[in-house]
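Please treat every number below as a calculation from the coordinates, not as lab data. None of these values were measured; they are calculated from a predicted model. Virtual Cβ from ideal backbone geometry, glycine too; neighbours counted across all protein chains shown.
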Amino acid sequence: MILYRLHCAQDHDFESWFRDSAAYDGQKARGLVTCPVCGSADVDKAIMAPALGRGTRKRDVEAVPAEASSAPAAATAVPVAAEPSAQPVALMSEREQHVRAMLRAVRAHVIAHSDYVGDEFARLARRMHEGEEEQRAIHGEATPDEVRALVEDEIEVLPLPVLPDERN
Ligand SMILES: [Zn+2]
């Protein structure tokens, strides 16, 4: 199918679809291509090349190829849609924010209600376990090896949740 912008002897512009250019030529030769406004069969194809447009009609002719005029807008939209950088933070769900708030609260509670013993933690935890130290709540740092040794001796330790934005 082909869309022609047509122009009649009375200066009416209109558009019409044809199977191909030969179909247009055939229908026009038999007087079947008529202006929908005045019914005149004295029609012709409007000049499509903008450089050859005449007077005020030039603007209408330029507006005809709709696909061509919309293409640049679609092309400029693509880079915006493909921009991925800020999405992971923006997509953090309400649920995840809630979990993080809970972890932060647990951590704050433990820290507020236990003694900080720093890197003495593993040694003190073991002494408490063996009854050499009075039982109390403590928190501090332990190396992975120290934690593994405590767990192997069935000394209960709980890792404090560390939030990604607090790690440094
Ligand atoms: Zn007409």
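Summary table below
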{"item": "Interchain or long-range residues, amide H under 5 Å from Ile138's placed H", "result": "Asp115"}
{"item": "Label-point gap, in nm, between Val99 and Met1 - each point 7 angstrom along Cα→Cβ", "result": "5.3 nm"}
{"item": "Selection of trypsin sites (Lys or Arg not before Pro), the range 1-45, meeting DSSP coil and at most 16 other Cβ within 10 Å", "result": "Arg19, Arg30"}
{"item": "Segment His109-Ile155, extension gain: residue separation times 0.36 nm, minus the distance between their alpha carbons", "result": "14.4 nm"}
